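The values are calculated or read from the model by the stated rules, or taken from the named source; none is laboratory data. Fair warning: this is a prediction, and the values are worked out from it, not measured in the lab. Cβ sites come from the backbone with ideal geometry, for glycine too, and all protein chains shown count toward neighbours.
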Amino acid sequence: DQQVKQNSPSLSVQEGRISILNCDYTNSMFDYFLWYKKYPAEGPTFLISISSIKDKNEDGRFTVFLNKSAKHLSLHIVPSQPGDSAVYFCAASPYNNNDMRFGAGTRLTVKP
Amino acid sequence: NAGVTQTPKFQVLKTGQSMTLQCAQDMNHEYMSWYRQDPGMGLRLIHYSVGAGITDQGEVPNGYNVSRSTTEDFPLRLLSAAPSQTSVYFCASSSRTGGGKKLFFGSGTQLSVL
């Protein structure tokens, strides 16, 4: 029962263009949503988060958008850089619960 | 600053063997957890702890034991390894408990069970 779904296993974009990574969830109890980035042979690292009271959060080149009615969030990277090439995981958790659920990940490749 | 340290990085076991994956953090975090990463499945929570002496089960706890005797250490024990436990294991910690916390991950342990 995957409550967090990333339906695109991979995405390839040109350097300088926008990367859009998508994530869908099924559990209406989720209140917090996070994105993690993972390089090969390393652990995931936190990138950006958003709570359900907001619909947008921005940090430099990274912006996360939340559409609660559609149970959908997306991560925008503008402009994309070759160093952004990694696997991106979407994660979600309820407000008062330690059970954080992750999606299967999307492998982003940014071509020079 | 070491952060979250996992040992070993690689391990090969035979079916039925037992072993302990070690995890230590030096950030004085109350929350620690273990995840496994499998292809197409993402990261799944095995066990977690919100402080010394307190542990609880996550999404996939069967076949694993944990204990938390100190704030720094959170070992994961495989009691009788099975091929289905072949995976990459990540330990993570956080200064917060509850929802929405930012997790700090170790670099992982790649385990193969033959």
Worksheet item: Name the residues in region B:66-93 that are part of a loop (DSSP other than H, G, I, E, B) and either touching a residue at least 60 places away in the same chain (Cβ under 8 Å) or not charged (D, E, K, R) (or both), would you?
Response: B:67, B:69, B:70, B:71, B:74, B:75, B:79, B:80, B:81, B:82, B:86
Worksheet item: Out of all the residues in region B:95-114, which are of a type outside the set (S, T, N, Q), in a loop (DSSP other than H, G, I, E, B) and facing chain A (nearest Cβ under 7 Å)?
Response: B:98, B:99, B:100, B:102, B:103, B:106, B:108
Discussion item. The conditions are (1) free of Cβ contacts under 8 Å to residues at least 40 places away in the same chain; (2) under 30 Å from residue B:25 (Cα atoms); (3) assigned to a strand (DSSP E or B), and residue A:98 fails exactly one of them. Which is it?
Written reply: (3)
Fill in: Complete set of residues in region B:20-34 that are within 14 Å of residue B:87 (Cα to Cα) and touching a residue at least 60 places away in the same chain (Cβ under 8 Å)
B:21
Item to complete: With the condition kept exactly as written, say whether any residue in region B:15-30 is loosely packed, with under 15 Cβ neighbours inside 10 Å, farther than 16 Å from residue B:94 by Cα and β-branched (Val, Ile, Thr).
Response: yes
Worksheet entry | Failed condition for residue A:39, given (1) at pLDDT 95 or above; (2) within 12 Å of chain B (Cβ to nearest Cβ); (3) within 14 Å of the chain's Cα centre (by Cα) | (3)
Worksheet item: Of all the residues that make up region B:28-65, how many are at the interface with another protein chain (Cβ under 9 Å from one of its Cβ atoms), outside any strand (DSSP E or B) and of a type in the set (A, V, I, L, M)?
Response: 1
Response to the item:
Of those in region A:92-112 that are in contact with a Gly (Cβ under 7 Å, 6 or more places away or on another chain) and among the small types (Gly, Ala, Ser), the residue farthest from residue A:11 (Cα to Cα) is A:93
Worksheet entry | residue B:92 being touching a Leu at 6+ places or on another chain (Cβ under 6 Å), of a type outside the set (S, T, N, Q), away from chain A (no Cβ under 11 Å) and over 15 Å from residue B:8 (Cα atoms) | no
Worksheet entry | Test: residue B:70 is more than 8 Å from chain A (Cβ to nearest Cβ), farther than 16 Å from residue A:102 by Cα and surrounded by 15 or more Cβ atoms within 10 Å (Cβ to Cβ) | no
